[in-house]
Amino acid sequence: MLRRFLEFDYKTSSKLRLPESGGGLRPAAVFLAHSGDSWFWLIGLVLIWVLREDAWRTRAALMAIGLVFLAVLVLLIKFTVRRRRPEGKWGAIYRNTDPHSFPSGHAARAVFLAVLAIGLGPAWLALLLVVWAPLVSLARVALGVHYLSDILAGLILGIAAGLTMLAVSAPLIQQFPVLF
């Protein structure tokens with residue numbers, strides 16, 4: 001049964017891949033795939049945390065703390081499961097620094113941020129991230145660095161991590177007010 005599922009996953013993921021030759025939707029997919037990079041988000045969130053003294057500081061702190069914990073969890077799962085990435089040329093930095101694909105850290109991260117935005121606001125940010133998250137996730141499959149099941153696992157993990165962070169946010173803020 002697992003073999004059948006993996007064959008279905010491989011075939012479906014292959015159908016969603018964009019040609020490596022470029023053009024068409026590929027530049028947009030490349031942009032979206034990179035827009036979910038953790039370093040990009042962490043630098044932006046730290047800047048917001050340093051420069052703001054309002055609700056944005058709290059949002060940035062909660063998002064950054066959650067992203068660090070989520071990254072550790074994703075890496076633990078990746079190095080336990082050890083599923084190789086699909087064959088391909090694009091994404092050498094991902095293939096060299098992180099050869100494992102399950103679960104997708106980008107999908108988990110994107111959905112985590114969307115869930116926090118839904119819970120913390122503002123509504124325009126939540127809407128933006130709810131639209132952005134699946135696009136980042138699909139771009140990862142379209143560019144051949146993930147299988148569809150990697151993305152689905154990342155989505156589930158991101159939702160769970162986001163809901164957990166929302167549940168513990170009030171105690172975190174009370175316990176460590178200097179961070180918020």
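The values are calculated or read from the model by the stated rules, or taken from the named source; none is laboratory data. Values in this document were obtained by computation on a predicted structure and should not be read as measured data. When we count neighbours, we look across all protein chains shown, and the Cβ atoms used for this are built from the backbone with ideal geometry, even at glycine. Accessible surface is based on the protein model in full, side chains and every heavy atom, while ligands, DNA and RNA are left aside. Shrake-Rupley method; radii C 1.70, N 1.55, O 1.52, S 1.80 Å.
Brief remarks follow.
- Equivalent ellipsoid of segment 81-180: semi-axes from √(5λ) of the C-alpha gyration tensor, largest first, are 29, 15, 11 Å.
- Compared with the dominant Cα axis of the chain, that is its longest principal axis, helix 105-120 is turned about 30°.
- Considering helices alone, the calculated mean residue ellipticity of the chain at 222 nm is -25500 deg cm²/dmol, with DSSP H runs of length four and up weighted by -39500 (n - 2.57) and normalised per residue.
- Sparse-neighbour loop sites [trypsin sites (Lys or Arg not before Pro); segment 82-138; at most 11 other C-beta within 10 Å; DSSP]: Arg82, Lys89
- Cα→Cβ-extended label distance, 7 Å offset, between Ala123 and Val68, nm: 3.4 nm
- Reach of Lys89 by Cα under 15 Å, taken over aspartates and glutamates that are not fewer than 8 positions away in the same chain: Glu20, Asp98
- Each of the peptides 23-32, 153-162 was scored by the mean count of other Cβ atoms within 10 Å over its residues; in descending order, highest first, they stand as 153-162, 23-32.
- Sequence-distant aspartates and glutamates (8 or more away, or on other chains) whose Cα lies within less than 20 Å of Lys15: Glu7, Glu87, Asp150
- Helix 26-35 and the longest principal axis of the Cα set of the chain meet at an angle near 40°.
- The protection proxy used here, the mean number of other Cβ atoms lying within 10 Å of each residue, ranks peptides 58-67, 122-131 as follows, highest first: 58-67, 122-131.
- Here the contact order of segment 102-180, divided by its residue count and restricted to Cα pairs under 8 Å and six or more residues apart, works out to 43 percent.
- Given R0 = 22 Å, the distance between the Cβ atoms of Phe79 and Phe5 translates into a calculated FRET efficiency of 0.50.
- Projected area, mean over directions - segment 33-98, Cα convex hull, nm²: 5.1 nm²
- The protection proxy used here, the mean number of other Cβ atoms lying within 10 Å of each residue, ranks peptides 46-52, 141-147 as follows, highest first: 141-147, 46-52.
- Whole-percent carbon and sulfur share, accessible surface of the chain, 1.4 Å: 74 percent
- Hydrodynamic estimate: the Kirkwood radius of the chain over Cα pairs, inserted into Stokes-Einstein at 37 °C and 0.692 mPa s, corresponds to D of 194 µm²/s.
- Angle between the chain longest axis and helix 123-142 axis [Cα atoms, degrees, rounded to 10]: 20 degrees
- Here the Karplus curve 6.51 cos²θ - 1.76 cosθ + 1.60, taken at θ = phi - 60°, turns the phi angles of segment 161-173 into couplings of 5, x, 5, 5, 4, 5, 5, 9, 5, 4, x, 4, 4 Hz, with x standing for Gly and Pro.
- Computed over protein heavy atoms with a 1.4 Å probe, the accessible surface of the chain works out to 56 Å² per residue.
- Cα-based shape type of segment 3-45, given that a ≥ b ≥ c are square roots of the gyration tensor eigenvalues and the cut on a/c is 1.5: oblate
- Listed residue (Pro134, Phe102, Ile159) projecting farthest to the positive dipole end of segment 45-180, Cβ model: Phe102
- Centre separation in Å (Cα based) which lies between segment 26-71 and segment 117-161: 14 Å
- The modelled label-to-label distance between Glu53 and Lys15, using points 7 Å beyond Cα along the C-beta direction, is 5.7 nm.
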